[in-house]
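The values are calculated or read from the model by the stated rules, or taken from the named source; none is laboratory data. Because the structure is predicted, anything quoted here is derived from the model rather than measured. Glycine also receives a Cβ, built like all others from the backbone with ideal geometry; neighbour counts cover every protein chain displayed.
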Amino acid sequence: MRDKHITTTIPQLRDQIANRLRKGRHGGRPPAFNPDAYKRRNQVERGFNRRKHWRGYATRYDKLGAHFQATLDLVEMLDWLRAIPNGLI
């Protein structure tokens, strides 16, 4: 991932931080952590997980690309409609 310049967004646990400090310079380089990037990553992961709840989409029963795209569009629209508060529709 370093070759592709992808930064990590994994937070460190308290005990790992303590062990790293205890080891001093032999503790290695701490991973960079950006809370804003972690928040965006979490939102993207939750979006993928919402789509995986749709059985036909998750298992990809559709053989043709056009049918799969139509299923994806339908899942996206229904997910978008669920996100709108009840009084606005």
Criterion (of a type in the set (A, V, I, L, M), outside any helix (DSSP H, G or I) and either at pLDDT below 80 or surrounded by 13 or more Cβ atoms within 10 Å (Cβ to Cβ) (or both)) met by exactly one of Ala37, Ala32: Ala32
Filtered residues of the range 56-89 (kept if more than 22 Å from Arg46 (Cα to Cα) and in contact with a Gly (Cβ under 9 Å, 6 or more places away or on another chain)): Asp62
